[in-house]
Each structure stands twice: as C-alpha cells, then as structure tokens.
Amino acid sequence: MAPNNGGLIVSFGEMLIDFVPTVSGVSLAEAPGFLKAPGGAPANVAIAVSRLGGRAAFVGKLGDDEFGHMLAGIVKENGVSGDGICFDQGARTALAFVTLRADGEREFMFYRNPSADMLLKPEELNLELIRSAKIFHYGSISLIVEPCRSAHMKAMEEAKKAGVLLSYDPNLRLPLWPSEDEARKQIKSIWDKADLIKVSDVELEFLTKSNKIDDESAMSLWHDKLKLLLVTLGEKGCKYYTKNFRGTVDAFQVKAVDTTGAGDSFVGALLCKIVDDQSILEDEKRLREVLRFANACGAITTTKKGAIPALPSEADATALIKASSK
C-alpha cells in the first residue's frame with residue numbers, strides 16, 4: 001500500500017478486550033465459552049480509518065500485561081501509529097464480557113477496577129502527536145473518572161488551540177457510569193466544544209429524555225459552533241443536520257450478524273473522507289455521498305463477528321454501493 005500523506009486523525013480513549021460467547025443468543029451466565037476480540041470505540045475508529053487508507057493514531061493507556069501488549073500490537077499491525085500509547089505497570093488492561101441476547105440486545109459486564117485506561121494522566125499525553133492532527137476524535141468513557149478525565153480535557157484543549165477539528169461520539173455505556181443523571185451531565189459537559197457530533201438513536205433518546213427520534217429532539221442538541229450533527233438509525237440509515245441543511249441518507253440492506261463496531265466504522269469512514277477537505281461539511285451533495293459511503297462501511301461491519309476483523313476496505317464499500325445501485 002502506498003504511504004498516505006493525507007491529514008492525521010487522532011483517536012483518544014479506551015482500548016480493551018471484549019470477550020464474546022462462542023454461541024450467540026445466550027446470556028453471559030449461560031455462555032459455554034468466550035473468544036477474545038480487541039475493541040474499544042476510539043481504537044476501532046482509528047483502525048477503521050487506517051483500513052480505508054487514511055492516516056490514524058491512537059492515544060490511550062494499556063496495562064503492562066500480555067493483553068495490553070497484544071492490543072498495542074494490533075494497533076500497529078493495522079497501520080495505526082502507536083506513538084500515543086503508554087503502559088501502566090500497576091493496572092490491568094480493561095476487559096468487557098459482551099453477549100448478544102436472544103432478543104438481539106447487547107449485555108455488557110466490565111472489569112475495570114481501575115483499568116489502565118482510566119489512569120492516563122495529563123502529563124503522559126503525547127501533545128506533539130495531538131497538535132499535529134487534522135481531526136481529534138473521542139468518546140465519553142474517558143470522562144468517567146480522574147485522572148483520565150483531566151487527560152481528556154487537556155488533550156481536547158490542546159487540539160482546539162492547534163486548530164484541530166474536534167469529533168465526538170459519546171458512545172454511551174450506562175453500566176460504567178455511577179448513574180443515568182451523571183452520564184447525561186458529563187456527556188453534555190463537553191458538548192459545546194465539538195465541531196462534529198455523532199449520536200445513535202438510543203443516545204438521542206437518552207440525552208434528550210424525549211423518547212422521540214425526530215428533527216426537533218435532534219436540534220435540541222445543536223450548539224452554535226457545531227458544523228455537523230449526525231444521528232445514526234441502524235438499518236434505517238442516518239440523519240444529518242448542519243447550519244444550512246438537513247436530511248436522511250438510507251442504509252444498505254445486509255444480513256446483520258453482529259452490530260459491534262458498526263458506528264465506529266461509520267465514523268471512521270466519515271472522518272477519512274473529510275479530513276483533507278472540510279468544505280464537504282458545507283456542500284450537501286458531497287456530504288450525502290460521503291454519508292452513503294459511511295453507511296456502506298457501517299453495514300459491512302455488521303456482516304461479520306467482532307468489530308476490528310469486520311472493518312471494511314474502500315474496495316469493499318465501493319462494491320456494496322455499486323451492487324446496491326444496480
């Protein structure tokens with residue numbers, strides 16, 4: 001693959017190991033065995049970008065243990081820079097047990113008490129790497145506890161000062177928060193800093209407490225500095241909102257096996273396409289094309305188990321778009 005000289009996308013936050021049952025449709029207690037799958041939304045986004053031919057780096061902290069070094073290896077094998085990764089000798093790499101129950105809902109059980117990613121300190125940040133980005137992408141799990149919260153705030157502030165575009169996907173994981181109210185409050189505490197925000201339909205309902213997925217509830221999340229607000233609707237595609245226009249882009253019909261990582265794949269594809277030309281955010285025709293591509297990437301990711309193994313290449317996405325337009 002030719003080296004990519006495009007703009008750098010830096011992803012900040014957690015990387016962990018998901019343990020997924022060998023059998024689908026069972027509760028965690030009923031699972032006869034588990035397979036380990038690398039995960040963590042910010043890391044998935046970085047790898048999604050790299051797989052599509054973009055330049056990506058991951059910033060976060062892992063345990064100085066076998067799992068931590070395995071994850072750092074996976075980052076690098078996937079062409080993502082690991083220059084922002086540091087290791088903690090006193091804490092383990094985070095683990096999550098995830099199952100897709102018979103009703104299709106995901107059930108999570110997390111082991112982080114505390115895990116290495118929660119212990120990232122502001123002074124451990126590779127600020128040079130963060131300042132050299134064109135886009136800085138992050139979630140909300142890094143806001144839950146100190147010192148990681150301060151590291152998150154510092155990284156965001158440095159990126160903003162350097163003129164980097166800030167991309168936010170809250171990636172709500174309620175079991176990790178002390179309460180629903182605290183989750184809502186902290187997720188919104190950095191809301192007005194982002195240039196681009198992506199929420200899922202479930203997150204939209206949670207954040208607005210409206211139980212509605214319509215333009216009015218989406219626009220209640222709008223803030224003045226925002227350039228693009230996206231609401232992903234699973235098999236119904238996505239809605240987009242900017243200062244001057246709004247609309248819906250339909251999804252691709254595929255046979256979904258596992259939805260893990262679909263949202264991260266969508267975000268990675270979007271960031272990859274706008275990193276070197278942010279004027280796309282003001283051009284509805286071009287933005288719709290990019291979102292169609294992002295929808296294709298999200299759809300492909302649901303057709304295989306696990307997030308990282310299922311992330312598509314540009315050729316995979318193009319083939320799906322072609323096949324669907326016949």
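The values are calculated or read from the model by the stated rules, or taken from the named source; none is laboratory data. Fair warning: this is a prediction, and the values are worked out from it, not measured in the lab. Cβ coordinates were reconstructed from backbone atoms using ideal geometry, including for glycine residues, and neighbour counts include every protein chain displayed. Ligands, DNA and RNA are excluded from the accessible area calculation, which covers all protein heavy atoms including side chains. Shrake-Rupley method; radii C 1.70, N 1.55, O 1.52, S 1.80 Å.
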Of the residues in the stretch 67-106, how many are closer than 30 Å to VAL23 by Cβ, open to solvent by 40 Å² or more (accessible area, probe 1.4 Å) and in contact with a helix residue (DSSP H, G or I) (Cβ under 8 Å, 6 or more places away or on another chain)?
1
Under the condition of being touching a strand residue (DSSP E or B) at 6+ places or on another chain (Cβ under 6 Å) and β-branched (Val, Ile, Thr), which residue from the stretch 227-265 is farthest from PHE97 (Cα to Cα)?
THR242
Just for helices (runs of 4 or more DSSP H) wholly inside the stretch 63-169: which have at least 3 residues that are in contact with a Leu (Cβ under 8 Å, 6 or more places away or on another chain) and either free of Cβ contacts under 8 Å to residues at least 40 places away in the same chain or not acidic (Asp, Glu) (or both)?
66-77, 148-161
Mind checking which residues of the stretch 199-224 are open to solvent by 50 Å² or more (accessible area, probe 1.4 Å), at pLDDT 95 or above and polar (S, T, N, Q)?
SER220
Can you name the number of the only condition in (1) in a helix (DSSP H, G or I); (2) buried (at least 16 other Cβ atoms within 10 Å of the Cβ); (3) touching an Asp or Glu at 6+ places or on another chain (Cβ under 9 Å) that ASP192 fails?
(2)
Anything in the stretch 115-142 that is surrounded by 22 or more Cβ atoms within 10 Å (Cβ to Cβ), touching a Ser or Thr at 6+ places or on another chain (Cβ under 9 Å) and of a type outside the set (Gly, Ala, Ser)? List them, or say none.
ASP117, MET118, LEU120, ILE135, PHE136, HIS137, TYR138
Looking at the stretch 288-303, is at least one residue over 25 Å from SER24 (Cβ atoms), open to solvent by less than 40 Å² (accessible area, probe 1.4 Å) and β-branched (Val, Ile, Thr)?
yes
Inspect the stretch 167-189 for any residue being among the aliphatic types (A, V, I, L, M) and within 22 Å of GLY84 (Cα to Cα) and give the result as yes or no.
no
Can you pull out the residues in the stretch 187-208 that are without any contact (Cβ under 8 Å) to a residue 24 or more places away in the chain, farther than 20 Å from MET156 by Cα and not acidic (Asp, Glu)?
THR208
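Say whether the condition of being in a helix (DSSP H, G or I), surrounded by 13 or more Cβ atoms within 10 Å (Cβ to Cβ) and more than 16 Å from the chain's Cα centre (by Cα) is met by at least one residue in the stretch 173-181.
Yes, that holds for at least one residue.
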